[in-house]
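Asks: This is the structure I have questions about; it appears just below.
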Amino acid sequence: MFEINKDKIRRILVIRTDKIGRMGPAARYYGLGEALLNIPAIRALKQNCNASVLALVNPAVAELLRGAAEIDQILIFDENRWRKNPFARLKLIWQLRRMRFDLAVIFNPTKRFHILSFFAGIPERLGYDRKWSFLLTHKIEDKKSLGQKHEVEYNLDLVRHIGIDTDEKKISIAIDKEDNRFVENLLSKYAIRDKDLIFAIHPHSSNPAKTWPKENFAYVIDALRSKFAAKVVVIGAAGESSAVNDLISLTKYRPVNLSGKLTLKQLAAFLKKCALLISNDSGPVHIAAAMERSVIAIFGRNDPGVGPVRWGPWGEGHIILHKHPGCEPCLDRSCPRSFKCLSLTTPEEVLKAVENRLSQ
């Protein structure tokens with residue numbers, strides 16, 4: 001550990017962006033977890049340094065982070081402009097240089113951000129020992145692929161390297177009154193009241209190796225309606241609407257379809273009204289956990305680096321369903337076994353998990 005002089009840190013740049021160009025219809029939800037799970041580490045920076053914090057993030061997560069107490073300013077990173085326009089790169093470097101940051105913390109290692117922070121003239125540059133890490137002044141070994149601890153703890157390990165830590169590891173999302181009002185008005189149109197038992201379902205994912213069969217979701221939706229007299233609501237990004245419609249066509253009791261009808265902040269406000277969320281491994285899992293709603297998360301893939309120990313919902317009161325089919329190594333999207341790790345989790349197990357959560 002190398003402890004920096006915190007008294008000299010007045011402006012901090014934190015960088016967390018993830019490529020979304022190839023993610024397809026679920027791109028709006030991609031990177032949400034990565035961004036939210038950085039909040040405790042950013043809070044540690046804010047608590048330990050008398051400094052303002054600017055977050056450089058991609059457009060998909062900027063809305064969700066606005067209003068966070070730990071972040072004073074948000075700057076959008078346009079990946080397409082960065083790749084295609086050399087003048088845009090120079091403009092961003094010059095913009096950051098003029099801001100005179102004292103410390104840059106790079107949470108996702110890439111050459112571009114190591115180069116960016118170096119040429120922006122930021123004297124203290126913290127990140128991982130990968131991808132041109134010689135441009136950093138402080139670095140740690142990247143052990144995240146081992147999946148031995150949660151992503152929140154991995155992110156905290158990075159700032160701990162310079163003598164910064166926090167005991168406040170809660171994640172929250174700032175919701176506006178307008179978002180709550182919008183959700184209340186929308187639900188009233190579907191005759192959903194506050195006293196109703198509401199279950200949210202997120203059945204899609206950007207990766208087929210993370211997508212539980214739609215027939216299973218349809219079975220669960222019907223069982224929730226018949227067994228618990230619950231109001232079941234399916235959520236999804238706008239680009240997931242077709243897949244959601246395919247799922248709903250398999251159900252006997254048609255759920256409410258809010259796919260593509262909610263912004264990220266409105267989604268957070270809606271999930272706060274739910275008893276729990278049943279979902280694939282995806283961004284809404286982390287939004288629900290941040291809103292202190294119970295999550296039943298269905299994981300596939302036998303790879304610790306992308307497994308539930310690292311990427312499960314943060315906090316207490318969640319249930320993770322994850323089966324090991326015995327295949328080595330995990331080939332992820334190229335699975336030759338029709339994603340057996342997912343199909344091994346049955347609808348009956350999900351319904352049993354629902355009963356367990358409701359009883360508690």
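Asks: Identify all lysines with a Cα-Cα distance to Lys143 below 17 Å; exclude those on the same chain that are fewer than 8 residues away in sequence.
Replies: Cα-Cα hits under 17 Å: Lys131.
Asks: Rg and Dmax of region 20-174, Cα atoms, in Å?
Replies: Taking only Cα atoms of region 20-174, I get Rg and Dmax of 15.2, 42 Å.
Asks: Further, regarding this structure: Contact order normalised by length for the chain, with contacts defined as Cα pairs under 8 Å and 6 or more residues apart; what percent is it? Could you put the intermediate results ahead of the total?
Replies: Values: 682 pairs, mean separation 62.0, N = 360.
So the answer I get is 17 percent.
Asks: Determine, for Lys323, Lys46, Lys210, the number of other Cβ atoms within 10 Å of each Cβ, and report the residues in order from fewest to most. Write down the numbers at each step before the final one.
Replies: On the way: Lys323 17, Lys46 21, Lys210 24.
Sorted ascending by nearby Cβ count, the order is Lys323, Lys46, Lys210.
Asks: How long are the semi-axes of the equivalent ellipsoid of region 96-252, defined as square roots of 5 times the Cα gyration tensor eigenvalues? Whole Å, largest first.
Replies: Details: eigenvalues 384, 81, 53 Å².
Over the Cα atoms of region 96-252, the ellipsoid semi-axes are 44, 20, 16 Å.
Asks: If you stretched the chain out fully between Ser188 and Glu355, how much longer would it get, using 0.36 nm times the residue separation minus the C-alpha to C-alpha distance?
Replies: On the way: separation 167, 0.36 × 167 = 60.12 nm, distance 2.67 nm.
Here the answer is 57.4 nm.
Asks: Using helices alone, what [θ] at 222 nm do you get for the chain, with -39,500 (n - 2.57) per DSSP H run of 4 or more residues, divided over all residues and rounded to the nearest 500? Before the final figure, lay out the partial values.
Replies: Working: 15 runs with 134 residues, N = 360.
My calculation for the chain gives -10500 deg cm²/dmol from helical runs alone.
Asks: What is the extension gain from Met99 to Ser145, computed as 0.36 nm multiplied by their sequence separation minus the C-alpha to C-alpha distance, in nm to one decimal?
Replies: Details: separation 46, 0.36 × 46 = 16.56 nm, distance 3.39 nm.
Gain in length upon complete extension: 13.2 nm.
Asks: Output needed for region 89-140: three equivalent-ellipsoid semi-axes, defined as square roots of 5 times the C-alpha gyration tensor eigenvalues, in descending order, whole Å.
Replies: Ellipsoid semi-axes (Å, largest first): 18, 12, 7.
Asks: Pull up the cross-link candidates among the lysines for Lys214, meaning alpha carbon to alpha carbon under 17 Å and not fewer than 8 places away within one chain.
Replies: List returned: Lys252, Lys340.
Asks: Related question: Over all pairs of distinct alpha carbons, what does the Kirkwood formula give as the hydrodynamic radius of the chain, in Å?
Replies: Numbers: mean 1/r = 0.0467 Å⁻¹.
Here the Kirkwood hydrodynamic radius works out to 21.4 Å.
Asks: For region 50-100 and region 180-208, write down the distance between their C-alpha centroids in whole Å.
Replies: The two parts, judged by their Cα centres, are 32 Å apart.
Asks: Among the aspartates and glutamates, which fall within straight-line cross-link reach of Lys91, defined as a Cα-Cα distance under 18 Å, with same-chain neighbours fewer than 8 residues apart omitted?
Replies: Once the sequence-local aspartates and glutamates are set aside, what remains near Lys91 is Asp78, Glu79.
Asks: In Å, what Kirkwood hydrodynamic radius results for region 177-359 from the alpha-carbon pair distances?
Replies: Details: mean 1/r = 0.0604 Å⁻¹.
For region 177-359, inverting the mean 1/r across all distinct Cα pairs yields 16.5 Å.
Asks: Next question. Please work out the Cα center distance from region 130-154 to region 258-303, rounded to the nearest Å.
Replies: 27 Å
Asks: Please state the shape class of region 215-308: rounded when a/c is under 1.5, otherwise prolate if a/b exceeds b/c and oblate if not, all from the C-alpha gyration tensor.
Replies: Working: a/c = 1.39, a/b = 1.22, b/c = 1.14.
Rounded shape, in that the Cα axes give a/c under 1.5.
Asks: Want the number for Phe87 to Ala229: 0.36 nm per residue separation, take away the alpha-carbon distance, what's left?
Replies: On the way: separation 142, 0.36 × 142 = 51.12 nm, distance 5.80 nm.
Separation in residues times 0.36 nm, less the Cα-Cα distance, equals 45.3 nm.
Asks: Oh, and also: Counting every Cα pair in region 162-269, what percent are over 19 Å apart?
Replies: Numbers: 3043 of 5778 pairs.
Value for region 162-269: 53 percent of Cα pairs lie more than 19 Å apart.
Asks: If you count, for each residue, the other Cβ atoms within 10 Å and average over each peptide, how do 191-198, 231-238, 50-57 line up from highest to lowest? Kindly include the intermediate steps, with their values, before the conclusion.
Replies: On the way: 191-198: 12.9, 231-238: 23.5, 50-57: 19.8.
Going by the mean number of other Cβ atoms within 10 Å, highest first, we get 231-238, 50-57, 191-198.
Asks: Same structure, new question: Which of Val220, Val256 comes first, and how do the rest follow, when ranked by fewest Cβ neighbours within 10 Å? Walk me through the numbers before you get to the answer.
Replies: Numbers: Val220 24, Val256 21.
Least crowded to most crowded, the residues run Val256, Val220.
Readers should treat all values here as calculations from the given coordinates under stated rules, not as data from a laboratory. Only a predicted model underlies this, so the values are computations on that prediction, with no experimental measurement involved. Neighbour counts run over all protein chains shown; Cβ positions are idealised from the backbone, glycine included.
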